């Protein structure tokens with residue numbers, strides 16, 4: 001019987017099978033940030049178990065609130081920093097080198113096809129874009145991962161989503177995933193892995209694939225995953241060039257992870273993206289999605305461009321294309337947070353930061369901050385934010401605030417117009 | 001082994017997410033106990049007042065997709081430090097369900113029809129969970145019994161007192 005990509009990854013990492021339904025996996029990468037890791041660290045210390053299974057397989061970053069905004073967040077950073085030093089974790093990223101975890105770690109080449117990855121962060125599913133099994137977990141799973149290098153999962157059921165057709169101008173990966181979440185609903189993929197396939201995915205950059213996989217969790221999925229191909233090999237080339245003779249050899253090698261033609265899927269769906277228009281959320285759930293044309297004119301107080309969903313260089317380029325030679329509405333506070341120092345620096349070189357500044361945006365350092373209402377752009381009661389992030393839950397970006405999720409193009413257009421509008425008008 | 005049950009806090013809504021259970025701004029706390037006053041602070045549910053409705057409860061009963069959203073285990077801890085040991089729902093988000101069992105707490109799934117009966121018992125409802133037998137006894141103005149199944153591995157985690165205790169012994 002054929003296997004799916006995730007079944008192949010699970011078979012290659014199986015440590016134990018405690019019941020026929022459950023599996024214990026060996027982990028290739030355990031990623032840590034300063035919000036969910038410190039309690040794991042202090043718990044391990046209090047149990048006399050302050051050890052790590054392999055310092056080279058642990059990656060850590062301070063990203064959610066950075067620079068620290070108060071004594072409590074300073075303490076969280078300190079706990080993570082001291083722990084990383086104590087255990088000689090080389091891949092620890094602090095101020096000056098830090099960025100949003102799910103943008104930073106792929107950039108560093110830490111995620112490879114066939115890997116198993118966990119992090120105490122639900123958007124860990126982003127890394128499935130590389131053909132890895134990557135799942136968000138809680139602090140206890142993280143703690144055991146740090147200590148033993150293992151994690152438990154139920155045996156996955158896979159759902160295959162075939163994306164066909166051609167994306168129209170002004171319609172991007174964010175619109176595709178919002179549309180898919182609307183179709184699946186917020187728990188349509190719970191305990192499932194979503195395998196994204198088809199010509200639309202094959203034509204997507206790694207950045208776009210990361211946007212696609214990033215929001216798989218918003219349909220409840222354990223992981224979103226793409227089959228690793230030449231695009232994956234090209235992205236990873238600086239990190240793998242000593243392992244492979246050529247890109248072709250790497251690409252061929254990656255194929256060993258591809259799902260077999262006779263693999264079994266619980267469900268197979270196909271979407272033709274050709275007729276898709278820019279999408280936007282309303283309400284307080286990420287499956288409450290409409291065509292942006294149906295929300296035309298909704299006023300916004302703040303526009304936020306950034307996050308692990310849409311804070312990468314392609315996203316900034318897309319937004320800058322709309323902002324160039326335009327000023328944002330005086331009603332709007334525009335905030336850009338490039339997701340990593342590399343993105344920031346590249347945006348500077350390409351003149352993108354200047355475009356944002358001249359348009360009237362504030363440019364912050366790389367951080368998760370505003371996306372979850374922790375810092376750098378928290379909303380007041382009743383305020384509305386057009387945001388490139390991933391969650392529109394009640395209170396998400398600040399108590400009483402309202403969030404509309406959309407693409408970087410749509411967010412830039414909203415900033416200029418002062419209200420939600422079709423970004424295709426500005427292209 | 002720990003006893004499971006207690007007076008019921010009914011949260012009659014689907015898709016209650018972990019941001020509603022404990023908003024991100026409190027994730028800067030470095031002890032579980034510090035989370036205690038902030039339970040369900042942002043829950044969007046008419047007539048619900050956390051300050052009035054949570055005290056003295058041991059069990060939460062809700063609808064589908066409970067605990068969706070963020071992976072924050074703080075959403076489980078804030079129940080734990082408020083003496084809530086069990087959540088019963090039609091379905092759970094994967095990470096929340098795993099976090100409950102990893103902490104030695106119970107996340108029990110019941111069919112929608114059973115939940116309708118449970119919601120309809122009337123008065124102050126109290127629940128006793130018999131984990132070994134897979135039975136729930138509920139008593140309000142009326143009484144009802146329900147059977148449930150727990151994934152065998154999750155049962156082992158709960159019986160071991162959580163994933164760390166289980167994993168430390170075995171791996």
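Read the figures in this text as sums done on the coordinates, not as results from a lab. All figures in this text were calculated on a predicted structure; none of them were measured in a lab. A quick note on method: Cβ atoms are made from the backbone with ideal geometry, for glycine too, and the neighbour counts reach across all protein chains shown.
A few points about this structure:
- Per-residue shielding of B:150-158, expressed as the average number of other chain Cβ atoms within 10 Å of the residue Cβ, stands at 4.
- Annotation: peptides B:41-47, A:240-246, A:327-333, ranked by per-residue average of other Cβ atoms within 10 Å with the highest first, follow the order A:327-333, B:41-47, A:240-246.
- Tail weight of P(r) past 29 Å, computed on alpha-carbon pairs of the range B:4-170, percent: 13 percent
- Across all Cα pairs in the range A:296-422, the calculated P(r) in 5 Å bins from zero up to the longest distance comes to 2, 14, 25, 26, 20, 10, 3, 0 percent per bin.
- Taking every residue in A:395-401 and counting other chain Cβ atoms within 10 Å of its Cβ, the average works out to 4.
- Fewest-first sequence of A:237, A:257 by Cβ atoms within 10 Å of each Cβ: A:237, A:257
- For chain B, calculated [θ]222 nm from helices alone, where every DSSP H run of n ≥ 4 adds -39500 (n - 2.57): -7000 deg cm²/dmol
- Summed over qualifying helices (DSSP H, 4 residues or more, each -39500 (n - 2.57)) and divided by its residue number, chain A shows a 222 nm mean residue ellipticity of -9000 deg cm²/dmol.
- Take every pair of alpha-carbon atoms less than 8 Å apart whose residues are at least six positions apart; their mean separation over the length of chain B yields a relative contact order of 23 percent.
- The mean number of Cβ atoms from other chains found within 10 Å of a Cβ in peptide A:116-127 is 2, as a whole number.
- Over the range A:278-427, relative contact order from alpha-carbon pairs under 8 Å, at least 6 apart, %: 34 percent
- Size descriptors for the range A:5-71: radius of gyration and Dmax over Cα atoms are 16.0, 48 Å.
- For chain A, the relative contact order works out to 17 percent when only alpha carbon pairs closer than 8 Å and six or more residues apart are counted.
- Highest average packing first - A:75-84, B:90-99, Cβ atoms within 10 Å: B:90-99, A:75-84
- A:344, A:304 arranged by Cβ crowding within 10 Å, fewest neighbours leading: A:344, A:304
- Shape of chain A, Cα gyration tensor, a/c cut at 1.5: oblate
- Packing-based exposure ordering (other Cβ within 10 Å, fewest first) of A:274, A:71, A:375, A:387: A:71, A:274, A:375, A:387
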